[in-house]
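To start, the structure itself, in structure tokens.
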Amino acid sequence: MEKTFVMVKPDGVQRGLIGEIVSRFEKKGYQLVAAKLMTVSRELAEKHYAEHKEKPFFGELVDFITSGPVFAMVWQGQNVIAGARQMMGKTNPADAAPGTIRGDFGISVGMNIIHGSDSPESAEREINLWFGEQELITYDKTI
Ligand code: CMP
């Protein structure tokens, strides 16, 4: 079953949106296979955002993601990688449609509430970066 990495960023945690976001993913029919509330080291943040290393906002990105606790999750389901990105909406909340998480709650491109893997390769890399294999639940039956 396809899996993806999803993270509620520090702005989403501080605004009390963990429950709302988890609820949307559950209602969609995806299954939660791992989750943890954690603070992010600069080392982990820099590895996670390695593809943006040369971007002018890289420092800002690392500062923000290490500024407070995040809620890191792994979700599974059919086409969950693309489906999660649809539910999140466009990166910039100003462009994100109403009904999407960023469209409904996001403030700015930096404070955009949530991150989700953008491809199968990113999902595999990010799941392995944020979670150990023993932290992932295996369900006997899936719906
Ligand atoms: P995310 O999905 O976490 O992946 C990379 C992040 O970079 C993205 O969400 C945005 O929050 C952030 N980002 C993209 N463009 C900018 C920008 N111009 N300024 C600050 N942050 C940005």
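The values are calculated or read from the model by the stated rules, or taken from the named source; none is laboratory data. Predicted, not measured: the structure shown is a model, and the values here were computed from it. Methodologically, a virtual Cβ is constructed for each residue, glycine included, from the backbone with ideal geometry; neighbour enumeration extends over all protein chains shown. To get the accessible areas, we keep the full protein, side chains included, count just its heavy atoms, and leave off ligands, DNA and RNA. Shrake-Rupley method; radii C 1.70, N 1.55, O 1.52, S 1.80 Å.
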Determine whether Arg85 is closer than 21 Å to Gly29 by Cα and either touching a strand residue (DSSP E or B) at 6+ places or on another chain (Cβ under 9 Å) or surrounded by 13 or more Cβ atoms within 10 Å (Cβ to Cβ) (or both).
-> yes
Restricted to the range 55-69, and to residues that are within 12 Å of the ligand (Cβ to nearest atom) and more than 16 Å from Ile114 (Cβ to Cβ), which residue is least open to solvent (accessible area, probe 1.4 Å)?
-> Val62
Scope the range 39-54; condition open to solvent by 40 Å² or more (accessible area, probe 1.4 Å), under 15 Å from Trp130 (Cβ atoms) and either in contact with a Cys (Cβ under 6 Å, 6 or more places away or on another chain) or of a type outside the set (Lys, Arg) (or both); matching residues | Thr39, Ser41, Glu43, Glu46, Ala50
Report whether or not Gly29 is on the phi > 0 side of the Ramachandran plot, touching a Phe, Trp or Tyr at 6+ places or on another chain (Cβ under 8 Å), away from the ligand (no atom under 13 Å from the Cβ) and open to solvent by less than 60 Å² (accessible area, probe 1.4 Å).
-> no
Members of the range 101-121 that are under 20 Å from Gly77 (Cβ atoms), open to solvent by 20 Å² or more (accessible area, probe 1.4 Å) and more than 10 Å from the ligand (Cβ to nearest atom) = Ser119, Pro120, Glu121
Considering residues that are buried (at least 16 other Cβ atoms within 10 Å of the Cβ), of a type outside the set (Asp, Glu) and in contact (Cβ under 8 Å) with a residue 40 or more places away in the chain, the number found within the range 123-134 is 4
